[in-house]
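These notes are about the structure you will find just below.
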Amino acid sequence: MEKLIAGAAKLGLHLSPNQLEQFRTYYRELTEWNRRINLTAITGYEEVQVKHFLDSLTVALAWQPGSGDNNMIDVGTGAGMPGLPLKILFPQIRLVLLDATAKKADFLEHIRQKLEMDDVGIVVGRAEEIARLSRYREQFDVVLSRAVATLPTLAELTLPFCKVGGRVIAQKKGDIDLEVDQASGAIITLGGRLREVKRIDLEELPDDRYLVVIDKILPTPEKYPRRAGMPGKRPIG
């Protein structure tokens, strides 16, 4: 795990031997399951360390757990990223992994058990539907999303989960200036306020990666999110 260790150190993060063993287990199970179901196109040992694990840990540049803000949901988590790498890094997190694909949820339950993790819930469903359930609506201090949708759509898929005083952290890459500008109306409508767009400055991740951080300052109006598919077809604004 040399690539992960070195990259994490540049983020100011130290990984214990136990945490490194958890990442090794994660890698082994990810690649084994990937032969049966499509979890990731990235399977090389060094590539996974950098493009999945280290990339997930960059969220720590925008948030680290405090005394009372440790409820987190990862929307559209896929193979568990960035949520599970952050749970390895910060075991005190109470984490929910949300994905619409049941087969991916099967993998998530398997890896949760393999990693012997407590306080990890796995939910199968569309974000538009799950965000309307009282158990999940505006219940989270931190809402994560990685490579799920453009920002105007993503705002509607994530902000309804976020409690007032919490934040959404979206991992994006490429030229995102226009995307951020187009999302401004949706963010305001849904009760958010753009805090910052933080560039990830790591030689291991050279392809223009950013953290878009949105504060939740007002409750999301009851009519949002709209029915499944609408946030993508007709983004707010």
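Below, the figures for the structure above:
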| read-out | value |
| --- | --- |
| Any hit, segment 189-211, residues being of a type outside the set (Asp, Glu) and assigned to a helix (DSSP H, G or I) | yes |
| Residues located in segment 204-237, provided they are among the charged types (D, E, K, R) and free of Cβ contacts under 8 Å to residues at least 12 places away in the same chain | Glu222, Lys223, Lys233, Arg234 |
| Residues (open to solvent by 10 Å² or more (accessible area, probe 1.4 Å), closer than 18 Å to His14 by Cα and out of contact with any strand residue (DSSP E or B) (no Cβ under 7 Å at 6 or more places or on another chain)) located in segment 61-86 | Gln64, Pro65, Gly66 |
| Condition met for Leu39 (assigned to a loop (DSSP other than H, G, I, E, B), touching a Lys or Arg at 6+ places or on another chain (Cβ under 8 Å) and in contact (Cβ under 8 Å) with a residue 12 or more places away in the chain) | yes |
| Selected residue (criterion: farthest from Val148 (Cα to Cα)) from residues of segment 79-95 that are in contact (Cβ under 8 Å) with a residue 40 or more places away in the chain and in contact with an Asp or Glu (Cβ under 7 Å, 6 or more places away or on another chain) | Gly83 |
| Residue in segment 88-95 that is in contact with a Ser or Thr (Cβ under 7 Å, 6 or more places away or on another chain), surrounded by fewer than 22 Cβ atoms within 10 Å (Cβ to Cβ) and among the polar types (S, T, N, Q) present | no |
| Looking only at segment 209-237, and only at residues there that are open to solvent by 30 Å² or more (accessible area, probe 1.4 Å) and small (Gly, Ala, Ser), the one that is modelled with the lowest pLDDT | Gly237 |
| Residue match in segment 127-136 (condition: among the charged types (D, E, K, R), farther than 16 Å from Asp99 by Cβ and touching a residue at least 24 places away in the same chain (Cβ under 8 Å)) | yes |
| Subset of segment 12-47 that is modelled with pLDDT of 95 or more and among the hydrophobic types (A, V, I, L, M, F, W, C) - its residue that is farthest from Ile88 (Cα to Cα) | Trp33 |
| Sole exception among (1) within 17 Å of the chain's Cα centre (by Cα); (2) within 22 Å of Thr220 (Cα to Cα); (3) not in a helix (DSSP H, G or I) for Val164, by number | (1) |
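The values are calculated or read from the model by the stated rules, or taken from the named source; none is laboratory data. Predicted model, so just to flag it, every value in this text is computed and none were measured. Note that each Cβ is placed from the backbone with ideal geometry, even for glycine, and that neighbours are counted across all protein chains shown. All accessible areas refer to the heavy atoms of the entire protein, side chains included, with ligands and DNA or RNA removed. Shrake-Rupley method; radii C 1.70, N 1.55, O 1.52, S 1.80 Å.
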